[in-house]
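Reading through the structure tokens given below for one structure.
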Amino acid sequence: MRKTLPTLLAALSPLLGHAAASAAPATQAAPTVQAAPLRAHLAFLSHDLLEGRGTGQRGGDLAVSYLETQAAAIGLQPLADGSYRQSVKIEGSKLLPESSVRFEVGDKSITPIVGKDIVFGTASGRSNIAFSAPLLFVGYGVHAPEERWDDYKGREVKGKILVMMVNDPQPTAEEPNRFAGKAYTYYGRWLYKFEEAARRGAAGVLLIHTTPSASYPWSVPANGFSHERFHLAGPGNQMEGWLHEDTARELFAAAGQDLDKLRAQAESREFQPVDLRIRAKAELRSSIRQVEQFNVIGIVPGTDPQLKEEAVVYSAHWDHLGVDENVREGDRSDHIWNGAIDNASGTAALLAMAAAAVPHPARRAQVFLWPAAEEQGLLGSAAYVRSPAFPLAKTAADLNLDSMNFAGRTKDIGVAGAERSSLYETAGQVAKQMGMKLAPTIPDLSGAYFRADHFNFAKAGVPAFNVGSAVFSGDGHFEFAHQHAEQAAQIVGFKRHYHQVTDEYHPGWDLSGMLQQAQFTLKLGYAVANSTAMPRWKAGEAFGRVPR
């Protein structure tokens with residue numbers, strides 16, 4: 001089947017407007033992205049046949065086969081080994097029902113209900129774990145020398161479960177800009193907090209959930225931990241998870257501690273870790289499996305004798321949440337997370353952009369990257385950055401597409417994060433050429449910059465951002481070309497469908513805005529690819545200090 005499916009899809013590719021073309025030798029301005037292939041790819045990639053493109057599931061394998069076949073049909077060049085696939089070795093872990101955790105406080109025992117009061121899992125790679133460990137409250141769990149902030153104060157944390165808050169230390173009247181003021185920084189992300197606990201050899205980490213600090217309700221981690229979770233292969237925390245705020249409050253009170261008072265103390269640089277005098281006894285029984293997933297990569301070679309050794313990367317993750325493995329046999333409810341907007345839209349747009357780019361190469365090479373396992377913690381893009389098609393020092397930028405505009409043309413374009421580098425000025429010039437303007441820069445209150453694949457490039461020192469869509473900018477900052485109330489309602493309404501089975505393709509969607517967004521991204525990529533100078537980080541930007 002592996003051979004027959006690509007053959008069939010290749011035969012169908014002319015119907016999608018993707019007949020391969022040989023590259024012209026001259027440097028070109030950005031070509032025109034076509035609407036028909038974009039819609040065709042979007043409809044197919046979000047169809048039930050692809051089963052939600054789940055990590056480690058058959059639908060994900062089908063998506064990879066489709067993408068590599070289309071890359072070949074378009075005329076993209078493969079990697080040096082002749083393949084369009086880049087291996088991503090990951091580990092899957094699913095907590096089994098017989099798992100439990102019990103907290104002992106003096107002569108009192110508290111057993112939280114899994115899913116309601118607590119969620120947890122393991123990233124250790126071990127299927128059977130049983131341990132007893134004391135709980136240590138470490139405030140925000142942040143060590144940030146550039147902010148003169150250290151929540152650990154040299155305390156030994158090996159063998160302890162670290163309890164910490166989500167988000168960053170909050171701004172004060174005296175320091176309104178600490179940790180980016182009201183905006184989120186990477187230190188506020190759950191991913192950083194799990195990583196820091198693992199680096200320090202802790203037995204585990206539990207995050208205290210509140211909707212304001214996490215920027216999403218308890219149902220998000222509860223749903224996430226009820227399914228198989230993935231991480232890049234290698235040892236991690238024995239136990240990691242979330243405590244419901246009510247559960248945390250009960251535990252702290254049983255230990256004679258006031259949760260709110262400790263939170264207030266944690267807003268100070270002088271905060272010291274607090275031994276909660278609580279001991280956890282945990283038993284984790286997990287189903288562990290090793291999974292090989294694939295990034296899909298295709299290249300349009302550059303034409304300049306020197307600059308062709310450098311590259312611009314366009315990225316869009318192909319995965320979504322797949323099929324719910326918890327659905328019981330005979331259940332007739334919808335159990336496919338189709339992920340039409342998130343992110344069949346970006347995946348389809350990249351295919352349409354690549355088809356336009358192949359006959360019109362730029363001075364620098366252009367890399368079209370479809371990362372795997374973004375929904376599992378940006379794993380595919382992390383793997384790419386470890387082993388890039390072009391050295392990171394010669395990678396000019398990454399322009400990412402994720403959850404695109406499906407409600408019609410707009411007058412402006414979101415470029416949140418571009419202001420960190422000279423990409424912002426270039427984006428402004430491109431927007432002007434297209435009769436648009438850049439959407440106003442607003443504080444990143446939910447940490448959006450750190451939640452998409454471009455962030456792994458930024459973390460590695462490459463200027464990068466997600467080219468915004470009306471989907472996540474529809475709160476008064478996006479101007480629709482015709483100001484239709486129906487358009488605004490569609491955008492705002494998508495929040496109800498985000499990471500739900502209802503994120504499905506609708507043939508009646510007006511994709512002119514999605515096409516506009518894809519065209520802007522391609523034009524920006526060509527501007528960077530044809531420029532003599534590489535993009536640069538703004539002075540004082542932390543990512544600009546990362547060697548690459």
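The values are calculated or read from the model by the stated rules, or taken from the named source; none is laboratory data. Here the structure is a predicted model, which means the values were calculated and not measured. Here the Cβ is made from the backbone with ideal geometry for all residues, glycine too, and neighbour counts use every protein chain on show.
Can you tell me which of 352, 389, 372 is surrounded by 24 or more Cβ atoms within 10 Å (Cβ to Cβ), part of a loop (DSSP other than H, G, I, E, B) and touching a residue at least 12 places away in the same chain (Cβ under 8 Å)? That would be 372, the only listed residue that is surrounded by 24 or more Cβ atoms within 10 Å (Cβ to Cβ), part of a loop (DSSP other than H, G, I, E, B) and touching a residue at least 12 places away in the same chain (Cβ under 8 Å). Of everything in the range 399-433 that is out of contact with any helix residue (DSSP H, G or I) (no Cβ under 9 Å at 6 or more places or on another chain) and not in a helix (DSSP H, G or I), the residue that is nearest to residue 517 (Cα to Cα) is 411. Answer yes if at least one residue in the range 124-143 is surrounded by fewer than 16 Cβ atoms within 10 Å (Cβ to Cβ) and out of contact with any strand residue (DSSP E or B) (no Cβ under 9 Å at 6 or more places or on another chain), and no otherwise. No; the residues of the range 124-143 include none that is surrounded by fewer than 16 Cβ atoms within 10 Å (Cβ to Cβ) and out of contact with any strand residue (DSSP E or B) (no Cβ under 9 Å at 6 or more places or on another chain).
Within the range 175-193, not a single residue is in contact with a Phe, Trp or Tyr (Cβ under 7 Å, 6 or more places away or on another chain) and either farther than 28 Å from residue 544 by Cα or outside the structural domain of residue 245 (by TED's automatic domain parsing) (or both). At least 2 residues that are of a type in the set (S, T, N, Q) in each: list the strands (runs of 3 or more DSSP E) lying fully within the range 233-316 that qualify. Result: 274-300.
Selection of the range 63-82 for residues being within 20 Å of residue 379 (Cβ to Cβ) and either free of Cβ contacts under 8 Å to residues at least 12 places away in the same chain or under 21 Å from the mean Cα position of the chain (by Cα) (or both) yields 63, 64, 67.
Taking into account only those residues within the range 493-537 that are of a type in the set (Ser, Thr, Tyr) and surrounded by fewer than 19 Cβ atoms within 10 Å (Cβ to Cβ), which is nearest to the chain's Cα centre (by Cα)?
Checking each candidate, the answer is 498.
For the range 434-454, the set of residues classified as outside any helix (DSSP H, G or I), out of contact with any strand residue (DSSP E or B) (no Cβ under 6 Å at 6 or more places or on another chain) and either of a type outside the set (A, V, I, L, M) or within 20 Å of residue 513 (Cα to Cα) (or both) consists of 434, 435, 438, 440, 441, 443, 444, 446, 447, 451, listed by residue number.
Does at least one position in the range 382-391 carry a residue that is in contact with a strand residue (DSSP E or B) (Cβ under 9 Å, 6 or more places away or on another chain) and closer than 14 Å to residue 450 by Cα? Within the range 382-391, one or more residues are in contact with a strand residue (DSSP E or B) (Cβ under 9 Å, 6 or more places away or on another chain) and closer than 14 Å to residue 450 by Cα.
On inspection, residue 408 fails the criterion of being modelled with pLDDT under 85 and in the same structural domain as residue 528 (by TED's automatic domain parsing). Residues in the range 272-303 that are of a type in the set (Gly, Ala, Ser) and surrounded by 15 or more Cβ atoms within 10 Å (Cβ to Cβ): 280, 282, 286, 298, 302. When residues in the range 107-148 are screened for being free of Cβ contacts under 8 Å to residues at least 60 places away in the same chain and over 24 Å from residue 187 (Cβ atoms), 5 of them pass.
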